[in-house]
1. Using only Cα atoms, tell me the angle between helix 225-242 and the longest principal axis of the chain; keep it within 0 to 90° and round to the nearest 10.
2. When the chain is treated as a GNM, springs tying every alpha-carbon pair under 10 Å, which of L333, L299, L229 comes out with the largest mean-square fluctuation?
3. Leaving out ligands, DNA and RNA but keeping every protein chain, what accessible area does T196 have, in Å² rounded to the nearest 10, with a 1.4 Å probe?
4. Translational D (Stokes-Einstein, µm²/s) of region 237-277 at 10 °C and 1.306 mPa s when Rh comes from the Kirkwood sum over C-alpha pairs?
5. Counting only protein chains, not ligands or nucleic acids, how are R12, R234 ordered by accessible area (probe 1.4 Å), most first?
6. What Kirkwood Rh does region 204-254 have if only Cα atoms enter the pairwise 1/r average? Answer in Å.
7. Relative contact order of the chain, please, whole-number percent, based on alpha carbon pairs below 8 angstrom and at least 6 residues apart.
8. Hey, can you find the accessible area per residue of region 58-169 for me, probe 1.4 Å, expressed in square angstrom?
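The values are calculated or read from the model by the stated rules, or taken from the named source; none is laboratory data. Just so it is clear, the structure is predicted and the values come from calculations on it, not from any experiment. Remember, those area values only see protein heavy atoms, side chains included, never the ligands or the DNA or RNA. Shrake-Rupley method; radii C 1.70, N 1.55, O 1.52, S 1.80 Å.
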Amino acid sequence: MMFSWVKRLTVRHQMLSIALIFVFIAVLFPLSMDIFRLNLVGKYLTYAFVAVGLVLCWGYGGILSLGQGIFFGLGGYCMAMFLKLEASTVADTKIQTTPGIPDFMDWNQLTQLPSFWQPFHSFSFTLLAIIVVPTIFAYIIGIAMFKRRVGGVYFAIITQAISAIMTILIIGQQGYTGGINGITDLRTLLGWDIRTDHAKYILYYINAGCLLAVVLMSYFIINSKLGRLLVAIRDKEDRVRFSGYDVANIKTVIFCISAIFSSIGGALFTLQVGFMSPGFIGTAASIEMVIFCAVGGRLSILGAIYGTLLVNGAKSNISESLPEIWPFAMGALFIVVVLLFPKGLAGIYQDRIRPLFSRGLKTVSGQSVAQRQDGLAVAPVKDNVSER
């Protein structure tokens, strides 16, 4: 009876925490910012998709991926290919040597559109590719690694290496991918000009709506049996394996879900800023995404969003005045968070702030109510199968 009451209270806190952050995102930010700053916040929110995926993958599953930029870039490039083809009609490219193909292909002396670009004339296919392509890629990586029980730092290094390889491949195939400049000059989506202020407002709210859907899905996962298994695998992987579960398949599933979230963020990034380049796939970008998650709290869904907004806001403000200092500030921030606040902002909220508002809710069955997942609260770092 008491456990059921606590569970209902936990769900209520989760909903209130979600409502609070999205009041800021959907109401306060648009009312208090000009379109330039609001567009920056929209760009930051696309990174939050990656951070939320990392909470599931790293925080709950114990799978640290330093290559999430791969999936962010795959989603971004899928959307960019569709937008670029829409901007490369024969009428719009009549001054080219070969009209009807993207400008960078013409510069690289291609005379026809490559076959793998052809399906991206369809918007429906593009939306499907944003989900399917990163899922297949993540599945291949997951099966190849997890079936051989590759994990921990080795998995992190391998994903980082794959990220570097992908960057080199995209830059090297300039005629097909736009090279180091990426795919630029994206103007319309199904004939709708995405460069106007009105369009940027609409895209911002689409971005926020998609992020809300991802957050709700993430809470559903961590409150489900899959979420309990992830925590058990993180803390006692061998015990879960001996209990008859296929650990490799569970890890692959959550890795694929994390990849899908990152890909959706990449696609929305392309719409928000109007280009996509290999710089967002590289190791530096992927490590930054991990920092967003670590600062917010790798065990907190909403903490990842707060961390993303905080770090990127600081990055913009510092780099505007002292751009040469920002890389050192980013490194120092990561070190401080890891050493002093391993649970990130969520841990500070849980340990210092939340007790002030919930002194009456001390313990239930030997476990602090504040340790249960709600809003910025975090999952206990040590847990095992019997406790779950």
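1. Helix 225-242 and the main axis of the chain meet at about 70 degrees.
2. Maximum among the listed residues: L333.
3. About 60 Å², rounded to the nearest 10.
4. Working: Rh = 12.3 Å.
In µm²/s, the coefficient rounds to 129.
5. Final ranking, largest accessible area leading: R12, R234.
6. Numbers: mean 1/r = 0.0818 Å⁻¹.
About 12.2 Å, per the Kirkwood formula over Cα pairs.
7. 30
8. Working: 5230 Å² over 112 residues.
It amounts to 47 Å² per residue over region 58-169.
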